[in-house]
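Report on the following structure.
The values are calculated or read from the model by the stated rules, or taken from the named source; none is laboratory data. Since the structure is predicted, the reported quantities are computational estimates derived from the model, not experimental observations. Cβ placement follows ideal geometry from the backbone for every residue including glycine, while neighbour counts extend to all protein chains displayed.
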Amino acid sequence: MVVDHHDFAFGHMAVVDHDVDRLAGKPIELDHLVWFELEQIVQGHFRAAQMEMDGHSDVLQLLQIERSPCRFPVLDFQRILHCDSCFGRAFSYYNPLAMTNAAPGIPGSLSIKHMPGLRGVPREDLRAILDSAQFFRAGLDRRDSFPKSLAGVSVVNLFFENSTRTRLSFETAQKKLGASPMNFTASSSSAAKGESLRDTVRNIEAMGADVFVVRHSSAGVPKFLADHTSAVVINAGDGACEHPTQGLLDALTMRQHLGELEGREVAIIGDIRHSRVARSNIWALSTLGARVRLWGPATLLPRSPNAFGSSVTVAQSLDAALDGADAVVLLRIQHERQSSGMLPSLREYRQSFGIDQSRLKLARPEALVLHPGPINRGVEVVSEVADGHQSVILEQVTNGVAVRMACLHLLAGRAV
């Protein structure tokens with residue numbers, strides 16, 4: 001197998017174990033530019049982690065193999081992929097095998113028709129969406145054009161609640177797949193005149209709508225609409241219930257850096273009780289095999305954590321939640337929680353639950369830091385951590401477009 005620099009653009013690669021196993025014992029030929037990039041990546045991870053070169057002679061030997069082209073034994077590659085160090089992450093994230101058979105997936109191939117949430121979505125569907133999203137992420141990094149699987153598909157963005165990131169992300173995804181989205185704003189619609197939600201949707205559907213992307217302050221609205229329309233319904237956030245595409249983009253971001261999430265430890269810190277992001281993360285991560293630890297003020301923890309299953313636990317302290325975590329998801333604290341008496345003050349929250357560099361050291365040395373945004377700097381997290389080398393917050397934003405492209409393509413796309 002020959003891999004040249006055109007196959008090795010940044011962002012292609014999550015671990016694809018079956019590709020490694022399929023090629024076990026066969027050499028991979030890397031051209032000069034690929035080898036140079038790989039060498040720079042690994043050395044960069046050394047510097048970022050401030051690790052000593054000693055103890056990693058096996059990796060250094062690989063770096064000293066003759067180039068132009070060079071023979072890279074797959075068995076060594078496989079061993080390094082699974083090594084528990086910054087190298088394991090470096091090689092798994094920049095894995096030139098991962099995109100060998102990449103494809104966006106077949107529209108209509110999921111077992112689900114709608115996406116009101118991630119609870120109950122089979123693992124096979126989650127992995128199919130993440131695989132498709134990785135394909136689209138690679139194309140976004142290369143600034144590719146994409147198959148117009150939404151050409152002729154009428155997509156309506158029903159946003160009854162204010163949004164910036166999610167709305168722009170969905171619109172970008174829709175346009176890249178060939179759709180011409182229509183945007184609905186509740187304040188300037190018949191809903192402001194007293195029209196029911198069901199009547200509003202049925203009237204828009206009568207105009208030929210094929211897809212509704214719905215954001216609403218009341219929990220359960222996307223599920224209600226899915227039960228009363230023949231169009232595809234995708235939840236863009238409903239009250240304190242779920243935000244499925246956020247949960248998927250967080251899982252994609254983790255998988256890009258950590259490989260498959262089976263057995264990984266993820267800490268979620270903040271207002272768990274009212275967070276739709278937390279719920280979608282919990283359902284996605286637990287279905288994919290990760291173990292999830294929850295922590296926050298007692299007034300903001302879930303009343304019945306056992307409802308999430310045995311892989312989700314409430315930690316006994318912030319230190320216990322962070323200890324050895326592979327990823328830390330920080331949730332935005334809403335100021336209305338303080339006015340309602342659930343928080344004594346933002347200053348006290350920062351002192352007891354905010355993440356700074358010293359607290360982050362309790363997690364694994366290269367643990368990821370995620371945040372759905374917008375960030376309250378100096379409350380949930382200090383700027384040094386939010387902007388530090390362990391932060392993947394901006395990667396989450398880019399992955400948001402890729403995940404929404406994948407959901408739209410698989411749920412509503414047409415063969416091209």
Which listed residue is in contact (Cβ under 8 Å) with a residue 12 or more places away in the chain and assigned to a loop (DSSP other than H, G, I, E, B), from Ala103, Ala138, Ala128, Ala133
Ala103
In segment 189-224, which residues are touching a helix residue (DSSP H, G or I) at 6+ places or on another chain (Cβ under 6 Å) and modelled with pLDDT under 95?
Ala191, Thr200, Val201
Residues located in segment 142-180, provided they are touching a helix residue (DSSP H, G or I) at 6+ places or on another chain (Cβ under 7 Å), of a type outside the set (A, V, I, L, M) and modelled with pLDDT of 95 or more:
Ser149, Asn157, Ser169, Phe170, Thr172, Gln174, Lys176
Screening Ala406, Ala386 for residues that are in the same structural domain as Arg143 (by TED's automatic domain parsing) and small (Gly, Ala, Ser) leaves only Ala406
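Listed here are the residues, each with its yes/no results for (1) at positive phi; (2) of a type in the set (D, E, K, R).
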{"residue": "Leu225", "(1), (2)": "no, no"}
{"residue": "Ser230", "(1), (2)": "no, no"}
{"residue": "Met254", "(1), (2)": "no, no"}
{"residue": "His257", "(1), (2)": "no, no"}
{"residue": "Glu260", "(1), (2)": "no, yes"}
{"residue": "Gly270", "(1), (2)": "yes, no"}
{"residue": "Ser286", "(1), (2)": "no, no"}
{"residue": "Gly309", "(1), (2)": "yes, no"}
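Looking at Leu370, Leu301, Leu411, which one is aliphatic (A, V, I, L, M), surrounded by fewer than 17 Cβ atoms within 10 Å (Cβ to Cβ) and either out of contact with any Pro (no Cβ under 8 Å at 6 or more places or on another chain) or touching a residue at least 40 places away in the same chain (Cβ under 8 Å) (or both)?
Unique residue meeting the criteria: Leu301.
Right, Arg350: among the charged types (D, E, K, R), assigned by TED's automatic domain parsing to the domain that holds Phe136 and closer than 20 Å to Ala278 by Cα or not?
no
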Condition first: within 20 Å of His257 (Cα to Cα), in contact with a strand residue (DSSP E or B) (Cβ under 7 Å, 6 or more places away or on another chain) and exposed (fewer than 13 other Cβ atoms within 10 Å of the Cβ). Can you find one or more residues in segment 324-341 that meet it?
yes
